[in-house]
Amino acid sequence: MIVEVHGVEVFGHHGVGEQERRQGQTFLVDVTLEIPEPRVDVLTGTIDYRRVRDIIRAVNDSGSFQLLETFTCAIADSVHEELLPEHVRVRVRKPGIAWAEWTAAIVERP
């Protein structure tokens, strides 16, 4: 089964440039999880989507990343370690780029 949590908005102080780290900016995070189908119709039979949101926020608030790629990897690693999905895919988008609608990094973990 595929579970998606897309468009989680966080404000972080990530980036290569001193100004973007100082001022901060918005990032959009998309997480796709592959999990077993739930056997029962209760929340404990699946992944609580709020936990995904909370993990994203915790990684964002844990410090400053220079690279979008390392920020994305940190989220993927935390989601994978804490929720134990069969597979996880994380995309972090950085909107508002002067020369593009957004840039992004994508990482997957088995």
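The values are calculated or read from the model by the stated rules, or taken from the named source; none is laboratory data. The structure displayed is predicted, hence computed values, not measured ones. A quick note on method: Cβ atoms are made from the backbone with ideal geometry, for glycine too, and the neighbour counts reach across all protein chains shown.
Key figures
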item: Flag if ALA105 is assigned to a loop (DSSP other than H, G, I, E, B), over 25 Å from MET1 (Cβ atoms) and small (Gly, Ala, Ser); result: no
item: Condition check for GLY63: in a loop (DSSP other than H, G, I, E, B) and over 17 Å from ILE97 (Cα atoms); result: yes
item: Region 28-78, residues that are under 19 Å from ALA105 (Cα atoms), of a type in the set (Asp, Glu) and surrounded by 13 or more Cβ atoms within 10 Å (Cβ to Cβ); result: ASP30, GLU69, ASP77
item: Some residue of region 66-73 being within 18 Å of LEU28 (Cβ to Cβ) and in a loop (DSSP other than H, G, I, E, B); result: yes
item: Region 39-60, residues that are touching a residue at least 24 places away in the same chain (Cβ under 8 Å) and more than 11 Å from LEU83 (Cα to Cα); result: ARG53, ILE56, ARG57, ASN60
item: Of residues in region 1-32 being β-branched (Val, Ile, Thr) and under 11 Å from the mean Cα position of the chain (by Cα), the one nearest to SER62 (Cα to Cα); result: VAL10
item: One residue from GLU9, GLU18 being at pLDDT below 95 and over 17 Å from HIS87 (Cα atoms); result: GLU18
item: Which numbered condition VAL79 fails, given (1) under 20 Å from GLU18 (Cα atoms); (2) of a type outside the set (D, E, K, R); (3) at pLDDT 95 or above; result: (1)
item: Residues that are surrounded by fewer than 18 Cβ atoms within 10 Å (Cβ to Cβ), closer than 16 Å to PHE27 by Cβ and not acidic (Asp, Glu), drawn from region 79-104; result: PRO95, GLY96, ILE97, ALA100, TRP102, THR103, ALA104
